[in-house]
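The values are calculated or read from the model by the stated rules, or taken from the named source; none is laboratory data. Predicted model only: the values in this text are computed from it and were never measured. Neighbour counts run over all protein chains shown; Cβ positions are idealised from the backbone, glycine included. To get the accessible areas, we keep the full protein, side chains included, count just its heavy atoms, and leave off ligands, DNA and RNA. Shrake-Rupley method; radii C 1.70, N 1.55, O 1.52, S 1.80 Å.
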Amino acid sequence: MSEPEAQDKRLADDAYKAEQERLNEERVAHIETNFRIEKSDPEWAPKTASTLQDALRQNHLDQGLAQGIDCRSQTCRVELNGDNSTGDHMKSIMRFIHEVGSEMPNMDADQRIDESGNMHTVLYLSNAAETGSSGGK
């Protein structure tokens, strides 16, 4: 491949990546909006938040990593931060998702890794038919 062809390919790859990031940001904004307008169920929300907190604890994600759990009537938003330099943080998140999957079978996520290698994850877990996107699990 010649240098001009290689440069064209890099530009096309960069444009594709930028478009994928834009689409993901739109998807996450849609999910977040739907979550924010969901009414809160005063019985279900605290009970489910407690169940999720227990699962976080069992998967060692509660020790300063869980930034918050917010449950509504059928969806919970779980925010986690952690160092993923060894991959252990991601493994713990996957175990957590698996553990709560029977009660909260639908999941969408947004993950970002900052320049320090810290992973910021927002999980949207739901017992509804979909969490607000294309039905991502």
Query raised in the report: Lysine pairs in the chain with alpha-carbon atoms under 26 Å apart, 8 or more places apart or on different chains: how many are there?
Result: 8
Query raised in the report: When only Cα pairs under 8 Å and 6 or more residues apart are kept, what is the percent relative contact order across the chain?
Result: 22 percent
**Report entry** Quotient of Cα Rg and 2.2 N^0.38 Å for the stretch 49-105, N being how many residues it contains
**Finding:** 1.07
Report task. Subtract the Cα-Cα distance of Asp62 and Met94 from 0.36 nm times their separation in residues, and report this length gain in nm to one decimal. Result -> 10.1 nm
Query - the stretch 18-67 shape via C-alpha gyration tensor axes, a/c threshold 1.5 - result: oblate
Requested in this report: Treat each spin label as a single point 7 Å out from the Cα along the C-beta direction, and report the Ser40 to Glu115 distance in nm.
Outcome: 3.7 nm
Report summary line: Going residue by residue through the stretch 97-109, the Karplus relation 6.51 cos²θ - 1.76 cosθ + 1.60 with θ = phi - 60° gives ³J(HN,Hα) values, rounded to whole Hz and with x marking Gly or Pro, of 4, 4, 5, 9, x, 6, 8, 10, x, 10, 9, 10, 9
Query raised in the report: Given labels modelled 7 Å from the Cα in the Cβ direction, how far is it in nm from Glu25 to Ser102?
Result: 4.1 nm
Requested in this report: Using a 1.4 angstrom probe on the protein heavy atoms only, line up Tyr16, Tyr124 by accessible area, largest first.
Outcome: Tyr16, Tyr124
Report task. Give the carbon-plus-sulfur fraction of the accessible surface of the chain in %, rounded to a whole number; probe 1.4 Å, heavy atoms of protein chains only. Result -> 50 percent
Query raised in the report: If ligands, DNA and RNA are left out, what is the accessible area of Lys17 with a 1.4 Å probe, given in Å² to the nearest 10?
Result: 120 Å²
Report summary line: Its Cα gyration tensor gives the stretch 1-113 an equivalent ellipsoid whose semi-axes in whole Å, largest first, are 35, 19, 10
